[in-house]
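Some notes on the structure that comes next.
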Amino acid sequence: MGFDGRLAVQVKSGNSVCDAPTLRELQGVMANFGATHGLLVSWGGFTKVARQEARRLFFQIRLWDSQQLINRIQEIYTKLPEGLRAEMPMKQIWTVATDD
């Protein structure tokens with residue numbers, strides 16, 4: 001992610017959309033634990049206001065929705081320890097691409 005220092009991560013696994021107060025809550029946790037950066041992961045996505053605030057805080061906090069999380073895991077999957085890969089097995093599937 002390009003961050004140096006301590007990273008605080010907050011994960012919301014439900015389908016509800018994550019709002020700006022949750023983002024601010026992460027800022028408070030970062031301050032309490034001396035984290036210089038934060039990552040807020042929300043499977044249900046983020047409200048417009050939360051995304052706007054995150055843009056303002058780009059150098060401190062990043063937001064990942066379900067698609068970004070999946071993309072990041074796919075990018076580094078082969079580099080993960082074998083034990084972790086065993087806990088979340090994935091298989092690459094190739095298909096023929098057609099022009100639409």
### Task
Within region 13-28, track down each residue that is at pLDDT below 95 and either among the aliphatic types (A, V, I, L, M) or within 13 Å of the chain's Cα centre (by Cα) (or both).
S13
### Query
Is it the case that region 31-38 has a residue that's at pLDDT 95 or above, in contact with a Leu (Cβ under 7 Å, 6 or more places away or on another chain), of a type in the set (G, A, S) and assigned to a strand (DSSP E or B)?
yes
### Subset tally (residues that are polar (S, T, N, Q), assigned to a loop (DSSP other than H, G, I, E, B) and either under 26 Å from V29 (Cβ atoms) or in contact with a strand residue (DSSP E or B) (Cβ under 9 Å, 6 or more places away or on another chain) (or both)) for region 42-100
2
### Summary
Over region 33-68, the set of residues of a type in the set (S, T, N, Q) and in contact with a Lys or Arg (Cβ under 7 Å, 6 or more places away or on another chain) is T36, S42
### Task
Could you list, in sequence order, all residues of region 85-100 that are among the charged types (D, E, K, R), closer than 15 Å to Q74 by Cα and at pLDDT below 90?
K91
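The values are calculated or read from the model by the stated rules, or taken from the named source; none is laboratory data. What you see is a predicted model, and the numbers here were worked out from it, not measured in a lab. Virtual Cβ from ideal backbone geometry, glycine too; neighbours counted across all protein chains shown.
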